[in-house]
Amino acid sequence: MKLTSISAFQDNYIWVLTDEENKCVIVDPGEANPILNAITEHHWQPVAILLTHHHADHVGGVRQLKEHYPSLAVYGPQEIKIPEISQFVKEGDKLELLGHEFSVIATPGHTLGHVSYFSYPYLFCGDTMFSGGCGRLFEGTADQMYQSFERLNQLPPETLICCAHEYTESNIIFALSLLPDDDQINKFYNKVKILRAKGQSTLPSTLANERQVNIFLRTKDPDLQRKVKKDTLLQRPNEIFAWLRAKKDTF
Ligand code: ZN
Ligand code: FE
């Protein structure tokens, strides 16, 4: 399978996987026009849509896509209240698409029903894990998001993190406010700045990279624990995670 990202809105990405016959699976089409244009340009044949959660910037284009391609299968968690869903998915479900297996992983936190889809090496994690950061807690708790991160962190290091927003630069600026001397984060920041200056995407990232630069995956890291300890007595990884998330909300 081949991976492509299509820009939508201000900073969304709609991810597309295609096979040798140009059949494609579309992830989180928040708006239809950019993806319809790409379908025409590349002669893709859409077979399915995967949805991670109910927010409009992820599902807003489904109706129009279904009008163009009535046989499209639409998968998503039960929290999505649109009539176009053909099958609800939940933790542990396996889908067979483009001749590959896709596993559904429950990743609550940003919303309660948020799911991610994994088909090696591709992970579509919506608004759960971002490069260098994590999604806002609109419905779930910090503990739920922490558990979701723990879960995703069990995937192989070469996993490609295909998240739904280009938030990398601001996430890394926040990380550097806490760990200004961290070599890996500084190195990554320089790379990200160059890409963004050219208007290029910083995604997909890899899980191996995230383990180094994403402070939300580094809650067991002594450097970060020492830094957080200056502000709070909380020290358990899930408490540090919650502290980081709250700090980022007002950064
Ligand atoms: Zn969202
Ligand atoms: Fe979003």
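The values are calculated or read from the model by the stated rules, or taken from the named source; none is laboratory data. Not measured: the values here are computed from a predicted model. Reconstructed Cβ throughout: ideal geometry from the backbone, glycine too, with neighbour counts over all protein chains shown. Quick note on the areas: whole protein, heavy atoms, side chains included, nothing else; ligands and nucleic acids left out. Shrake-Rupley method; radii C 1.70, N 1.55, O 1.52, S 1.80 Å.
Worth pointing out:
- Of the residues making up segment 61-89, those that are in a helix (DSSP H, G or I) and open to solvent by 20 Å² or more (accessible area, probe 1.4 Å) are Arg63, Gln64, Lys66, Glu67, His68.
- Note on segment 10-30: among residues that are in contact (Cβ under 8 Å) with a residue 12 or more places away in the chain and closer than 14 Å to Ser201 by Cβ, the one that is surrounded by the fewest Cβ atoms within 10 Å (Cβ to Cβ) is Asp11.
- Checking every residue in segment 55-63 against the condition of being away from ligand 2 (no atom under 16 Å from the Cβ), more than 20 Å from Gly99 (Cα to Cα) and not polar (S, T, N, Q) gives at least one match.
- Considering each residue of segment 39-60 in turn, at least one proves to be more than 21 Å from Ser201 (Cβ to Cβ), assigned to a helix (DSSP H, G or I) and without any contact (Cβ under 8 Å) to a residue 24 or more places away in the chain.
- Looking across segment 90-123, the residues that are open to solvent by 60 Å² or more (accessible area, probe 1.4 Å) and away from ligand 2 (no atom under 16 Å from the Cβ) come down to Lys90, Glu91, Lys94, Glu96, Gly99, His100, Glu101, Tyr120.
- Apart from one condition, Thr141 fits all of (1) within 16 Å of ligand 2 (Cβ to nearest atom); (2) closer than 15 Å to Phe216 by Cβ; (3) open to solvent by 20 Å² or more (accessible area, probe 1.4 Å); the exception is (1).
- Verdict on Ser148 being part of a helix (DSSP H, G or I) and within 16 Å of ligand 1 (Cβ to nearest atom): yes
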